[in-house]
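The next block holds one structure in the form of structure tokens; read it before the comments.
The values are calculated or read from the model by the stated rules, or taken from the named source; none is laboratory data. Just so it is clear, the structure is predicted and the values come from calculations on it, not from any experiment. Every residue, glycine among them, receives a Cβ derived from its backbone with ideal geometry; neighbour counts consider all protein chains shown.
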Amino acid sequence: MEKRIRVLVAKPGLDGHDRGAKVVARALRDAGFEVVYTGIRLTPEQIAEAALQEDVDVVAMSLLSGAHNTLFPKVVTLLKEKGAAGKLIIGGGVIPDADIPGLKAAGVSEVFTPGTPTNSIVDYIKANVK
Amino acid sequence: MANESLKAKMEAYTAKVEKSLAKRPERVNLAHNRLYTPLDLGDFDYEAKLGFPGEYPFTRGVQPTMYRGRFWTMRMYAGFSTAEESNKRYRYLLESGGTGLSCAFDLPTQIGYDSDDPISEGEVGKVGVAIDSLRDMEILFDQIDLGKVSTSMTINAPASVLLAMYIAVAEKQGVTPDKLNGTIQNDILKEYAARGTYIFPPKPSMRLITNIFEYCSKNVPNWNTISISGYHIREAGSTASQEIAFTIADGIAYVDAAIKAGLNVDDFAGRLSFFWNAHNNVLEEVAKFRASRRVWSKVMKERFGATNPKSWMLRVHTQTAGSMLTAQQPDNNIVRVALQTAAAVLGGTQSLHTNSKDEALALPTEDSVRIALRTQQIVAYESGLADVVDPLGGSYYVEALTDQIEKECWDYIKKIDDLGGAVVAIEKGYIQKEIQDSAYKWQMDVETKKRVIVGVNQFQIKEKAPEGLLRVDSSVGDFQKQKLAKLKAERDNAAVQAKLAALETACKDEHANLMPFILDAVRVYATLGEICGVMRKVFGLYEAHTTL
């Protein structure tokens, strides 16, 4: 039997608006993924640690506070440091288009902005998890 | 009888409709009936259900003349970066005709951390202004007369500290606390349920809130001591009925806590205020506003035995729905906000914040804030919507819907009572689950196009990336850190330690009112992080129980 894709859905930083994260988490679960939702207000260290412990294939982060340029790359770096560079890292939230190239250069594979249908996130994960 | 004749005609109409439906089916996902008639209202007792504006049960509004004498307060929510920057924006808004201030604080401030705390990294000044000490607050309100302006502060877990800072700034301006007008949000239960900026567990949080009720009833009598907020519950995905039901359930919990703390209901109830969302469906929103006033007045009069009519009134600030703004074709948001504004005004709000068209992308620019404020002014001065009190009263549809939302609200209140009240319902995750289910349903309706969002799932165009968005300079964090270092070098640190120690002792005595101790610490420039640090040490931290 094929191994089910495991996804960690996390909210880094202090932002508590988790409607999007929860909707995405539930849509991913309905699409057949195994989903771990960590809840709000996590530090990058806690997210990287959870990704390792839960042995997930994907780390999906959501942020609305504007701290994405600081926090998303930090999670990428920490995962690399911990020897878990192979995980697919995606982000979403209120993220200006202008910031996306920088986030991608820092190792975030894709950024999903407001209005994205949940099935495009599902399709992206299916196509990109190695 | 008139109704018999009407029933017969209604049946004839329905039969005719059946034929037309065969040829032309109706759209799907229409929530309400096709047509409303007097039959939907049953034995409609005008005096019991509506009465007159300014009178119990306040369905038609809390003031006798509503906007004919004075418009609602146009209170734009603003704040970003530093106190210096935000002070400029406040003065701009007041010069542009805004009639009140509404402060947005950054997330570290909202969670009780200073800008130099490692946890604040990347967040300083981003979603609001960074306030570390009384010094920042003095800068924030520089050249703004606190005796004349009314200020709303969106602050919850550390509301006591920010209120103390506001009182202290006023003192320095020579304005006594009895002259202060404004509101602190101070609603911790919706933070646990929907917004996430909690610090302490429920028990000490409820104590801080009742301490504020008591302190203000004696010292800051015109201050609205809480703004019990459905706004964030709706933003998290609830329906209209859930928004007011969960919020009124929270309100019941606060009143219960205050009465248990020994306060007399009529001493504080008149200063309780509410905060609603103005969502997209105009008439459903109007009905929601009307239903909420009827429910709260009954709760206060019948459940809590309040006797002062002021205690029965649900006074409300409103904000248009941020979550309904689209990043796609952002100019369309101007139209959405105008309709939401109409809903809030027809619903009888006391004050209003209109969102700006670019808020699904970033914090608003000065230009987009001006359009949002002008939207209110056009509705006020040009539309005629503000010329008659409760102009939709008596509409068969609006009255039937008001009754329906009221009923759904009471059903939820009963369920929450049965669970043991709002605090227990939140601890068990019941309220969160109800909200999440509604949010997920909404999203699936959008994805299956049962619900059309213009520009998102229909009428899309190829768009250019928006230009000219506001960006908060990333040097804000460093600037705040430097200010803090300077403050700590200049202030009387022995006095700070003494006041913090006195606060710690007071925290341990559950009968002490903490407000005077917090005020003392603020006056000697103890920082927000230091004051909340003392409380974190004594009270501990809330640990959320998250379910999907």
Worksheet item: Looking at segment B:421-440, is at least one residue without any contact (Cβ under 8 Å) to a residue 24 or more places away in the chain and at positive phi?
Response: no
Fill in: Within segment B:225-242, considering residues that are more than 11 Å from the chain's Cα centre (by Cα) and either of a type in the set (A, V, I, L, M) or in a helix (DSSP H, G or I) (or both), the one nearest to residue B:406 (Cα to Cα)
B:241
Worksheet item: Residue check: is residue A:21 within 7 Å of chain B (Cβ to nearest Cβ), of a type in the set (A, V, I, L, M, F, W, C) and either within 20 Å of residue A:88 (Cα to Cα) or part of a loop (DSSP other than H, G, I, E, B) (or both)?
Response: no
Item to complete: Out of the residues in segment A:28-49 that are farther than 21 Å from residue B:195 by Cα and hydrophobic (A, V, I, L, M, F, W, C), state the one that is nearest to the other protein chains (Cβ to nearest Cβ).
Response: A:35
Discussion item. Being crowded, with 20+ Cβ neighbours inside 10 Å, within 19 Å of residue B:295 (Cα to Cα) and among the acidic types (Asp, Glu) is the filter here; which residues of segment B:390-434 pass it?
Written reply: B:390, B:399, B:406
Item to complete: Of the numbered conditions (1) assigned to a helix (DSSP H, G or I); (2) touching a residue at least 24 places away in the same chain (Cβ under 8 Å), residue B:302 fails exactly one; give the number of that condition.
Response: (2)
Item to complete: Would you check which residues across segment A:12-70 are crowded, with 18+ Cβ neighbours inside 10 Å, acidic (Asp, Glu) and farther than 24 Å from residue B:111 by Cβ and list them?
Response: A:57
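Residue by residue, here is whether (1) modelled with pLDDT of 95 or more; (2) within 24 Å of residue B:280 (Cα to Cα) holds:
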residue	(1), (2)
B:421	yes, no
B:435	yes, yes
B:438	yes, yes
B:443	yes, yes
B:446	yes, yes
B:455	yes, yes
B:476	no, no
Practice prompt. List the number of the failed condition for residue B:97; all other conditions in (1) touching a helix residue (DSSP H, G or I) at 6+ places or on another chain (Cβ under 7 Å); (2) at negative phi; (3) small (Gly, Ala, Ser) hold.
Written response: (2)
Worksheet item: Out of A:126, A:104, which single residue is surrounded by fewer than 17 Cβ atoms within 10 Å (Cβ to Cβ) and either more than 19 Å from residue A:68 (Cβ to Cβ) or aliphatic (A, V, I, L, M) (or both)?
Response: A:126
Worksheet item: Of the residues that sit in segment B:355-375 and are at pLDDT 95 or above and in the same structural domain as residue B:90 (by the TED database), which one is surrounded by the most Cβ atoms within 10 Å (Cβ to Cβ)?
Response: B:356
Fill in: Members of segment B:115-153 that are closer than 19 Å to residue A:65 by Cβ and away from every other protein chain (no Cβ under 13 Å)
B:116, B:129, B:131, B:132, B:153
Worksheet item: Within the set of pairs 6+ apart or on separate chains, which have a first residue in segment B:335-350 that is closer than 11 Å to residue B:276 by Cβ and in the same structural domain as residue B:293 (by the TED database), a second that is modelled with pLDDT under 95 and among the β-branched types (Val, Ile, Thr), and C-beta atoms under 7 Å apart?
Response: B:350/B:73
